[in-house]
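Take a look at the structure below.
The values are calculated or read from the model by the stated rules, or taken from the named source; none is laboratory data. For clarity, every value in this text was computed on a predicted model and none was experimentally measured. Cβ placement follows ideal geometry from the backbone for every residue including glycine, while neighbour counts extend to all protein chains displayed. These accessible areas exclude ligands, DNA and RNA; they are computed on the full protein's heavy atoms, side chains included. Shrake-Rupley method; radii C 1.70, N 1.55, O 1.52, S 1.80 Å.
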Amino acid sequence: MSTMPAVIFDLDGTLVDSEPLYYEAGRRTLERYGIAGFSWEEHTQFIGIGTRETLETLRERYGIEAPVEELLAVKNRHYLELAATAEIFPEMRAFVERLRGAGHPLVVASGSSRSAIETALKATGLDALLPGYVSAEDVGRGKPEPDVFLAAARLLDVEPGQCVVVEDAGPGVEAARRAGMRCIAVPYAGGPSPDGELFASAGLLFRGGQPEFDALRAYEWITSGS
C-alpha cells in the first residue's frame, strides 16, 4: 500500500473539456423523443451529476415514456460519436504527468459510462497515464453521494483519508467531503458559480477555473498535506 497521497480525478470538465459534447448528446437524445430547445443553460444544471440521475430528472420533467435504460443507451451512443473529438486541458496533462512521475497512485472516477470514459481517455492519450478508472455504472449512487470515490480508493488499495479528489463541479466536491477526502476544485467555466455552498468544503479552490489552474501549486498543496 502506497504512503503517498493518491489522487482521484473526475473526468468531464476536469481533465477533459467534454461538457459541450455531453450537452450536444443530451440535446440530440431529447430531440429524438420530441423535446426541442434544450439549452446550454439547462444543461449546466446537471454539470457534476451522473448521466443516469440527469436522465431520470429530464425524463420526469418532460414526461418521456421511454425507460431510463433506453435513454441511457441513446445518449451514450450519441456521446460516443462525439467523444473522439474530446480534448484535454493542457495544464491538467502537465499535472497528471507530474503526479505520475513522482509515483502517486492515480485513478479516474466519473459519473459517465465505462465506454464513454474509455473513449475519452483514448482520444486524449490519457489512457497511457490513467489506465485505472471507476464509472458510476460500477456503484449504486452517483455524486454527490461518495460511492464512486470510495470505490476508487478501494481500487487503489488506499484509505479515503489518503486521497485527494480533483473536481470541477459542486456535487463532486460534496461527494469528496462525504468520502472523507481532501479536494481540489477547478470550477468549469460556464457552470454553476463556485460561490455555491457545495464548493465550500474544497481545500484548494481555483476560483477562475482552468485558466487559473496551476499544476505546481496544486502539487505542492497535495504533498504539503494541507
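Can you give me the solvent accessible area of Lys75 with a 1.4 Å probe, rounded to the nearest 10 Å²?
Lys75 has an accessible surface of roughly 20 Å² with all protein chains in place.
Please report, to one decimal in angstroms, the Kirkwood hydrodynamic radius of the chain built from all distinct Cα-Cα pairs.
On the way: mean 1/r = 0.0573 Å⁻¹.
By the Kirkwood definition, the hydrodynamic radius is 17.4 Å.
Heavy atoms only, 1.4 Å probe, whole protein assembly: order Thr3, Thr223, Thr51 by accessible area, highest first.
Details: Thr3 125, Thr223 75, Thr51 25 Å².
In descending accessible area the options line up as Thr3, Thr223, Thr51.
Using 18 Å as the cut-off for backbone N distance, which residues of the stretch 86-110 belong to the label zone defined by a point 7 Å from the Cα of Glu159 along Cα→Cβ?
Only 105 fall inside the zone, counting backbone N under 18 Å.
From the Cα gyration tensor of the stretch 68-170, with a ≥ b ≥ c the square roots of its eigenvalues, which class applies: rounded if a/c is under 1.5, or else prolate if a/b is larger than b/c, or else oblate? Provide the component values of the computation, followed by the final result.
Numbers: a/c = 2.14, a/b = 1.21, b/c = 1.78.
Oblate, since a/c reaches 1.5 and b/c is not below a/b.
Using a 1.4 Å probe on the protein heavy atoms only, what accessible surface does Ser113 show? Give it in Å² to the nearest 10.
10
How would Leu205, Leu58 line up by accessible area, probe 1.4 Å, largest first? Present the calculation step by step, with values, prior to reporting the outcome.
Numbers: Leu205 45, Leu58 10 Å².
Of Leu205, Leu58, the descending order of accessible area is Leu205, Leu58.
Roughly speaking, what is the stretch gain from Ala66 to Arg114, that is 0.36 nm per residue apart minus the C-alpha to C-alpha distance, in nm to one decimal? Display every interim value, and only then the final one.
Details: separation 48, 0.36 × 48 = 17.28 nm, distance 2.23 nm.
Computed gain between Ala66 and Arg114 is 15.1 nm.
May I ask for the distance between the Cα centers of the stretch 140-211 and the stretch 42-73, given as a whole number of Å?
22
Looking at the chain, what % of its DSSP beta bridges pair antiparallel, to the nearest 5?
Numbers: 1 of 18 bridges.
In the chain, approximately 5 percent of DSSP beta bridges are antiparallel ones.
What figure in square angstrom, to the nearest 10, would you give for the accessible area of Arg141 with a 1.4 Å probe?
Roughly 120 Å² of Arg141 is accessible to a 1.4 Å probe.
At 1.4 Å probe size, put Leu72, Leu80 in order of accessible surface, largest to smallest.
Numbers: Leu72 35, Leu80 60 Å².
Result of the area sort, largest leading: Leu80, Leu72.
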